[in-house]
Amino acid sequence: MSPLEAEALEFVRALIRIDSVNTGDAATIGDGETRAALFVQAQLEEVGYETVLVEPRPGRASVVARLAGSDPDAGALVAHAHLDVVPVDAADWTHPPFGAEIHDGVLYGRGAVDMKNFAGMLLAIARSFRRDGVVPRRDLIFAFFADEEAGGVWGARWIVQNRPELFAGATEALSEVGGFSIPLPGDRRAYLVATAEKGVSTATITARGRAAHGSRPTADNAVVRLARAVGAVGAHTFPVVRTATLERFVETWERAGGRFGDLGFAASLIDAGMRNTASPTVLAAGGKANVIPASASATLDVRIVPGQHDAVRAELAEVVGDDVEVTWARDIEAIESPVDAPLVDVLQRVIGAEDPAGVVVPYLLPASTDNKHLSRLSIRGYGFVPLRVPADFDVFGQFHAADERVPVDALHFGTRVTARILREA
């Protein structure tokens, strides 16, 4: 283990031990994110960085620092991680969620994958570059954000809206969710890079009828009609959309010898990025067992492939039928970055140096990251936190899960690879 790898592991564990749970409820904001930001700030300033700490709401602090590159004409690269984590139910955990314990070569803790692992790597790399006088080709902007798990409202989104100068000159960003290996035939690995993210919207479907006494069934019972509509949504499969990212995934995966039957636990992740999806998540109807309500509604979490904003609305209206009303809210646009970018070539070159049979494969992330907020400044985002893991280790399955964990060897690999990417990008 190199000194850089050792320090990165130390920082990952230290950050996990800071309980920075983000419940998404403004009434329960703790000070964990600010404590984590102050820890990061102290480590950066110790080696000479000038830092900016912003805290638009008590407990929601972010830190940004910049390292000057050798080419003033090259666009700056933002390397970012979020410091908040989702809640835990400690009873479901085998090891303490904020203990950062290592057992049999595996690090356990909330944030081990999402995403204090990358925060610790970036912090160690930033310090190493400063101590060793490393001058990267382009400016590096190290950003450690608050509030990502609640949409980045008081983190990346707030900074983009109120302190955009912190990202002056930036053209690309590197963060979650990607970089982890999935198996290819012949003991080889593909490393996914998220070159696109689906848009997010919320649809409410409402059925209306006539209120009546529960003892006298009606033909226009709103609950029954809503149930039929929800069932139709659940049974519906949206068609595959051939985005540029999907085209490159198919081409690269097949060229590497992969078959779609080989995707294993990654199949659901890839499939969700190939098509629009609508998941019923909340039902609301009635208030008394003996009253047939006049209306019933359901909330749908809708994830939208780039370029499909209007198409998904039309298709969903057809699925639920004319007698159910559809209203829309919370539109977050999809993003898609070039799959042929020089940065993607750098990722492949560096991965190839560490894992000669490794292949970097673009894919479309069905979820959202802070890259969406940075895109408002025309910063093209890529998801790539490099982790070489055993063939049966599902990295994406660790997100928000009990016993969240990561092999320590994968953290060492990620630290080495990320350091080289940031030097060469």
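The values are calculated or read from the model by the stated rules, or taken from the named source; none is laboratory data. Keep in mind it's a predicted model, so treat the numbers as computed, not measured. Virtual Cβ from ideal backbone geometry, glycine too; neighbours counted across all protein chains shown. SASA here: full protein model, heavy atoms, side chains in, ligands and nucleic acids out. Shrake-Rupley method; radii C 1.70, N 1.55, O 1.52, S 1.80 Å.
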Exercise. Helices (runs of 4 or more DSSP H) wholly in segment 322-425 with at least 2 residues that are within 19 Å of ALA8 (Cα to Cα), in contact with a helix residue (DSSP H, G or I) (Cβ under 6 Å, 6 or more places away or on another chain) and polar (S, T, N, Q) - which ones?
Worked result: 408-424
Problem set entry | Failed condition for GLY231, given (1) without any contact (Cβ under 8 Å) to a residue 12 or more places away in the chain; (2) under 30 Å from VAL395 (Cα atoms) | (2)
Exercise. Can you find even one residue in segment 344-365 that is farther than 19 Å from LEU184 by Cα, free of Cβ contacts under 8 Å to residues at least 24 places away in the same chain and surrounded by fewer than 17 Cβ atoms within 10 Å (Cβ to Cβ)?
Worked result: yes
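Can you work out which of the residues in segment 367-425 that are hydroxyl-bearing (Ser, Thr, Tyr) and crowded, with 21+ Cβ neighbours inside 10 Å is farthest from GLU101 (Cα to Cα)?
It comes out as TYR382.
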For this session: Exactly one condition in (1) in contact (Cβ under 8 Å) with a residue 60 or more places away in the chain; (2) more than 25 Å from the chain's Cα centre (by Cα); (3) not in a helix (DSSP H, G or I) is not met by THR204; state its number.
Result: (2)
Problem set entry | Unique match (being part of a loop (DSSP other than H, G, I, E, B) and closer than 30 Å to ARG405 by Cβ) among VAL193, VAL177 | VAL177
Exercise. Say we look at segment 245-299 and pick out the residues that are outside any helix (DSSP H, G or I) and on the phi > 0 side of the Ramachandran plot; which of these is surrounded by the most Cβ atoms within 10 Å (Cβ to Cβ)?
Worked result: GLY286
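Residue-wise test of (1) acidic (Asp, Glu); (2) over 15 Å from the mean Cα position of the chain (by Cα).
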{"site": "VAL344", "(1), (2)": "no, yes"}
{"site": "ILE351", "(1), (2)": "no, yes"}
{"site": "LEU364", "(1), (2)": "no, no"}
{"site": "GLY381", "(1), (2)": "no, no"}
{"site": "GLY397", "(1), (2)": "no, no"}
{"site": "ASP403", "(1), (2)": "yes, yes"}
{"site": "ARG416", "(1), (2)": "no, yes"}
Seminar exercise, completed: When GLY186 is run through (1) open to solvent by 20 Å² or more (accessible area, probe 1.4 Å); (2) touching a strand residue (DSSP E or B) at 6+ places or on another chain (Cβ under 9 Å), the failure sits at (2)
For this session: Output the qualifying pairs, or none if there are none: Cβ atoms under 7 angstrom, residues six or more apart or on different chains, first residue in segment 39-57 and among the acidic types (Asp, Glu), second residue open to solvent by less than 40 Å² (accessible area, probe 1.4 Å).
Result: GLU45/THR51; GLU50/ALA65; GLU55/THR34; GLU55/ALA61
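Of everything in segment 215-228, what is under 23 Å from ALA278 (Cα atoms) and either touching a Pro at 6+ places or on another chain (Cβ under 9 Å) or among the β-branched types (Val, Ile, Thr) (or both)? Give them in sequence order.
The initial filter retains those residues of segment 215-228 that are under 23 Å from ALA278 (Cα atoms), namely 222-228.
ALA222, VAL223, VAL224, listed by residue number.
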Seminar exercise, completed: Residues of segment 226-263 being among the hydrophobic types (A, V, I, L, M, F, W, C) and more than 17 Å from PRO362 (Cα to Cα), in sequence order, are LEU226, ALA227, ALA229, VAL230, ALA232, VAL233, ALA235, PHE238
Exercise. Out of all the residues in segment 55-65, is one or more over 21 Å from LEU377 (Cβ atoms), surrounded by 19 or more Cβ atoms within 10 Å (Cβ to Cβ) and not aliphatic (A, V, I, L, M)?
Worked result: yes
Problem set entry | Among the residues listed as GLU33, GLU5, the single one being open to solvent by less than 40 Å² (accessible area, probe 1.4 Å), under 10 Å from ASP84 (Cα atoms) and either part of a loop (DSSP other than H, G, I, E, B) or not aliphatic (A, V, I, L, M) (or both) | GLU33
Exercise. Do we have ASP19 as without any contact (Cβ under 8 Å) to a residue 24 or more places away in the chain and surrounded by fewer than 21 Cβ atoms within 10 Å (Cβ to Cβ) here?
Worked result: no
Exercise. Taking segment 14-31 only, how many residues are β-branched (Val, Ile, Thr) and at pLDDT 90 or above?
Worked result: 4
For this session: Find all pairs meeting these conditions: Cβ atoms under 7 angstrom apart; at least six residues apart or on different chains; first residue within segment 238-264 and closer than 25 Å to PRO356 by Cβ; second residue in a helix (DSSP H, G or I) and open to solvent by less than 80 Å² (accessible area, probe 1.4 Å).
Result: LEU263/ILE270
Exercise. What are the residues in segment 237-252 that are under 22 Å from ALA391 (Cα atoms) and in contact with a strand residue (DSSP E or B) (Cβ under 6 Å, 6 or more places away or on another chain), if any?
Worked result: PHE249, THR252
Exercise. Could you list, in sequence order, the residues of segment 272-307 that are hydroxyl-bearing (Ser, Thr, Tyr) and over 14 Å from PHE238 (Cα atoms)?
Worked result: THR281, SER295, SER297, THR299
For this session: Scan GLY152, GLY169, GLY133 and give me the residue that is free of Cβ contacts under 8 Å to residues at least 60 places away in the same chain and either open to solvent by 10 Å² or more (accessible area, probe 1.4 Å) or at positive phi (or both).
Result: GLY133
Seminar exercise, completed: Scanning segment 300-320 for residues that are touching a residue at least 60 places away in the same chain (Cβ under 8 Å) and loosely packed, with under 14 Cβ neighbours inside 10 Å gives GLY307
Exercise. If you check VAL319 against the conditions, is it in a helix (DSSP H, G or I) and either within 18 Å of THR281 (Cβ to Cβ) or aliphatic (A, V, I, L, M) (or both)?
Worked result: yes
